[in-house]
Amino acid sequence: MQSSRPSLILLSVICALSPFGVTVIVPILPILDRSFDVSPQSLQFGVSAYVLGLAAMQPISGYLADTIGRRRVLLSGFLVFIGASICLALASEFWLIIVLRFVQAAGVSVGTVVARAVARDVLDEKQVLRAFSAISAAMGVSPIFAPIVGGWMGEALGYQGVFLITAVVGLAIWVWAWLKIPETRPTSYGLSESASPVESYRKLLFSKGFLGYTGVYGFLQCTFFSFLGVGAIAFSDLFGMSESRFGTIWGLMALTYLFGAFCVNGLVERVGLYRSMHGLSLFLFFSGWIGFALQLWLGLSVFSALLQLALLMAAAGAMTPTALAGVVNLFPDISGTAAGLSSSIGLTLAGLSSMLGGLLYPVGGYHWLSVLIASCGTLAAISWFFAYLGQLSAENSS
């Protein structure tokens, strides 16, 4: 008998699969380079195609979750992800890898959208923030843990082994979801009573609060997606670091994100949501530029490069739950659509930042990449104040 309230652990794991797929290939980019003899700029499409696949499909996934149900959309999408992962292991041309990465992302795009909508269906607003702290922790740890898997499996089994492991992970989560995820969509949100997608999207895009929260989420993703596309190559070029060592060091960075995600609830309880986010936004702004200044002062090293990222990740871990919760709490009747559109916009920004990082590093070196990372943090901080004004406006009008 299925529980009417899915496990928060399961929802977190479901959300974690899509970012896992983004970064599991990061350590094997040099292996793909050797296998297919492509340029560093071309390699970025292996990352960007996946991110853009998520961005393209999440609004559709969210609308379908609101109209035909959470469970069917989730299980169908994950089957597409598993099939594409198997095909990636068999691909012999790099252009085919790019196409299949897009398909792989289109399938898994349902994960974060449906899990966030399910959490909103079964929890009240206060519980949602706590739940999203756990979900965002999983989403933050996954793209940092995935390179450890990718690095070790890539060295042992080549790029084919990495994609097969991804398929196995996807299958395990699909079985767990099939057993434990019930249909949670409220019956009042049926197809006949739902607004058209155009009306729903228009409602969201004209909301200052929605745009602000989406900007916080999106630009926070940009801070480390700017780095991820070229991180393994840069650390190999500059510091002679192997794929497995890079994956391990990058995986340890998860601790800073986790610290932020698990501390935010206590911070909010002590000083309040708005004061907490104001302070975190300032910390985010100064962390990016202080990290860059230290690179200029102390010289570029593994320590100075990772320090900037660690500070920004701590802030991202603390701010992301509020951004995710804010999006779905604004419009509960279209929470799936809101989650999908917000993620789509955020990941489009992340994909563009990944491509921009890939262009800047060969031309200007790591310092230009560091400026891009700090700038993304600044834009995330500005977005919070936009969200805050939108939230105050909504509260005053209600």
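The values are calculated or read from the model by the stated rules, or taken from the named source; none is laboratory data. This one's a predicted model, so the numbers in the text were calculated from it and none came from an experiment. Heads up, the Cβs are rebuilt from the backbone with ideal geometry, glycines too, and the neighbour counts pull from every protein chain shown.
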Residues that are of a type in the set (Lys, Arg): find the helices (runs of 4 or more DSSP H) completely inside the range 1-108 holding 2 or more of those.
70-90
Would it be correct to say that residue 293 is in a helix (DSSP H, G or I), surrounded by 19 or more Cβ atoms within 10 Å (Cβ to Cβ) and either on the phi < 0 side of the Ramachandran plot or within 16 Å of the chain's Cα centre (by Cα) (or both)?
no
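Could you run through the range 38-62 and say how many residues are in contact with an Asp or Glu (Cβ under 8 Å, 6 or more places away or on another chain) and modelled with pLDDT of 85 or more?
First, pick out the residues of the range 38-62 that are in contact with an Asp or Glu (Cβ under 8 Å, 6 or more places away or on another chain): 40, 43.
Next, only the ones that are modelled with pLDDT of 85 or more stay: none.
The number of residues fulfilling the criteria is 0.
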The listed residue being among the small types (Gly, Ala, Ser), surrounded by fewer than 24 Cβ atoms within 10 Å (Cβ to Cβ), assigned to a helix (DSSP H, G or I) and at pLDDT below 85, out of 140, 158:
158
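So which residues in the range 92-128 are free of Cβ contacts under 8 Å to residues at least 24 places away in the same chain, of a type in the set (A, V, I, L, M, F, W, C) and surrounded by fewer than 23 Cβ atoms within 10 Å (Cβ to Cβ)? Spell out the reasoning first.
Narrowing the range 92-128 to residues free of Cβ contacts under 8 Å to residues at least 24 places away in the same chain: 92, 95-96, 100, 123-124, 126-127.
Adding the requirement that they be of a type in the set (A, V, I, L, M, F, W, C) leaves 95-96, 100, 123.
Scanning the range 92-128 gives 95, 96, 123.
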Is the range 330-337 home to any residue that is farther than 26 Å from residue 367 by Cβ and modelled with pLDDT of 85 or more?
yes
Take residue 261 and decide whether it is part of a helix (DSSP H, G or I), in contact with a Pro (Cβ under 9 Å, 6 or more places away or on another chain) and modelled with pLDDT of 80 or more.
yes
Please pick out the residue among 318, 381, 350, 338 that is buried (at least 19 other Cβ atoms within 10 Å of the Cβ) and under 30 Å from residue 237 (Cβ atoms).
350
Being within 13 Å of residue 49 (Cα to Cα), in a helix (DSSP H, G or I) and within 16 Å of the chain's Cα centre (by Cα): is that true of residue 132 here?
no
Determine if the range 263-284 includes at least one residue that is farther than 18 Å from residue 238 by Cβ, β-branched (Val, Ile, Thr) and touching a helix residue (DSSP H, G or I) at 6+ places or on another chain (Cβ under 6 Å).
yes
Would you confirm, using the coordinates I've provided, whether residue 131 is surrounded by 18 or more Cβ atoms within 10 Å (Cβ to Cβ), at negative phi, out of contact with any Lys or Arg (no Cβ under 8 Å at 6 or more places or on another chain) and modelled with pLDDT of 85 or more?
no
